[in-house]
Amino acid sequence: MSKSKRLTENDVTPRDIYVNRRRFLGGSVALVGAATIGGEAFATPADWMLQKVKQDWPQTVSTDERLTPEYDATHYNNYYEFGVGKDDPVRNSQDFRPDPWSVTVSGACNNPGTYALEDLLQTQNLEERIYRLRCVEAWSMVIPWLGFSLADMLQRFEPTSDAKYVAFETLMDPDQYPNQRSFRPAIPYPYLEGLRMDEAMHPLTLMAVGMYGEVLPNQNGAPLRLVVPWKYGFKSIKAIVRIHFTADEPPTTWNIAAPREYGFYANVNPNVNHPRWSQATERRLPSSFLSPNVIDTQMFNGYAEEVAQLYTGMDLRRYY
Ligand SMILES: Nc1nc2c(c(=O)[nH]1)N[C@H]1C(S)=C(S)[C@@H](COP(=O)(O)O)O[C@H]1N2
Ligand SMILES: [Mo]
């Protein structure tokens, strides 16, 4: 990463916590073969995935802000396929099957096809990146993700010069997703997202397979989800099964559902309010009635130095 920051003692501390915890849990994890998050056992991930996540990874992006406790990041989620309540995803996703998994690649590229996840991840070295995640609903977290630059994965498909955008799609499976079999789904499915090609190739754009030193829990988008830290959280699509290269701006779910409220770009911007609420501040979780923990929202969620040049000359009020 061009912008990777030198590790300071602050940055290293959270990782030492996982490493020690890993040593502590090492035996039992190997025996049960299950990832343990906050003391709760989640669905058993594929052994190869567990092994990959347990390998030694460097920390390449960090912040001196306090990490959101793992419990909050795994129990307060947006994942409408599992229900619209913040605690629906953790409750309804425990039997979700992230393995076996494959991703179908299509459109303007030389190497389309259906790739087994194991095959896609084999050559990727994992990194830990601590990113702020800012939801358009004006709450935020600080999460240590495990993953790799999306660019590293996309290069392998050899997008052609016609590829101006890349579209992503979440699994469609009403058997596993209660809201997809609801007679009145909250949003249209499958969940669709997309990035302009230069945004997709930006080194900060992450494909995540883990968090807090563990395999990604189902409610956080296992086995493979996008994390675009300078955009509102809805761009960070979960459980990806399809990647499509295209010349035209692809349709995206929240834009389809409420076009005046959610645009394609969705860059975090304290100066452009949501039609129904201010985006100038946010609640940094954990937040409660007595300790709301309200902080100022930063331009591009604090990543302006890295990404502002992607939007030179663009009217960010028009392209919200
Ligand atoms: N498939 C899918 N992806 C999704 C969503 C969703 O409902 N379905 N919600 C989005 C929203 S609004 C946010 S804020 C983030 C939340 O990620 P987290 O639950 O891991 O914090 O996921 C995004 N990705
Ligand atoms: Mo969100």
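For this structure, a couple of remarks:
- Global geometry of the chain, whether rounded, prolate or oblate, following the gyration tensor of its Cα atoms and the 1.5 cut on a/c: rounded
- Considering helices alone, the calculated mean residue ellipticity of the chain at 222 nm is -5500 deg cm²/dmol, with DSSP H runs of length four and up weighted by -39500 (n - 2.57) and normalised per residue.
- The chain, relative contact order in percent, only Cα pairs under 8 angstrom and at least six apart counted: 18
- Looking at the stretch 266-308, the chymotrypsin sites (Phe, Trp or Tyr not before Pro) that sit in a DSSP loop and have at most 13 other Cβ atoms within 10 Å of their own Cβ are PHE289.
- Ordering 310-316, 106-112 by mean Cβ neighbour count within 10 Å, with the highest value first, yields 106-112, 310-316.
- The count of lysine pairs in the chain whose Cα atoms are under 29 Å apart, excluding pairs fewer than 8 places apart on the same chain, comes to 24.
Every number here is computed from the coordinates shown, using simple stated rules; none is lab data. None of the values given here were measured: they were computed from a predicted structure. Cβ: placed from backbone, ideal geometry, glycine included. Neighbour counts: every protein chain shown.
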